[in-house]
Amino acid sequence: MRNIHALIIFTICCSLGFTAVGCKKFKVGKKNVESIDGLDGVVIDDLDAFPLDDRIDIDGVSEGESSFDTVYFGYDSAQIQPSERSKIESVAEHLNQNRSGGIAVEGHSDERGSREYNLALGERRALAVRAYLIGLGVDGSRIQTKSMGEEDPVSFGHDEESWGANRRSEFVILY
């Protein structure tokens, strides 16, 4: 229990420190994606590798959209369940076959817990998916992460079914 509190405090302090250092916001498709200076290998600091003026359509999917399946997580967990691995493997296969562009992984949580805790949990989920993609041979510089916390639910109920639908990571294609 003490370790969890220490992790929460550490996460909050880091978040405040990064905010004080400065964030850059980039327009990616229809979404703003934050990149925090000094976290090389976690997020992409320079989106020039993904020119937004050259929007293309691959297999009927345009930039800022995704046809990839959502990855779901257990309660208070960032561990990728065996049943969800094939979803990430299909994203890796796509990225390894299409060497241009990249992907943003958005981590989400359900409404339970504080806003700060849920932002940290969403980031851990996005980073877990990113790490799995890298393990499958995807260049880490092509994968951006963002935590949405509890701010963008797909289900607005207050029951286990709704909470389960909101504990997820989603993919946004970057070109």
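Worth a mention:
- In segment 156-175, the residues that are surrounded by 14 or more Cβ atoms within 10 Å (Cβ to Cβ) and either aliphatic (A, V, I, L, M) or farther than 21 Å from residue 79 by Cα (or both): 165, 172, 173, 174, 175
- Once segment 95-114 is narrowed to residues that are within 22 Å of residue 160 (Cβ to Cβ) and of a type in the set (S, T, N, Q), the residue that is surrounded by the most Cβ atoms within 10 Å (Cβ to Cβ) is 109.
- Total residues in segment 65-84, condition out of contact with any Leu (no Cβ under 8 Å at 6 or more places or on another chain), farther than 11 Å from residue 168 by Cβ, free of Cβ contacts under 8 Å to residues at least 60 places away in the same chain and among the acidic types (Asp, Glu): 0
- Residue 66, sole failed condition from (1) surrounded by 13 or more Cβ atoms within 10 Å (Cβ to Cβ); (2) assigned to a loop (DSSP other than H, G, I, E, B); (3) modelled with pLDDT of 95 or more: (3)
- Residue match in segment 99-117 (condition: aromatic (Phe, Trp, Tyr), closer than 18 Å to residue 172 by Cβ and at pLDDT 95 or above): no
The values are calculated or read from the model by the stated rules, or taken from the named source; none is laboratory data. Here the structure is a predicted model, which is why all the values come from computation and not from measurement. Positions of Cβ are backbone-derived with ideal geometry, glycine not excepted, and every protein chain shown enters the neighbour counts.
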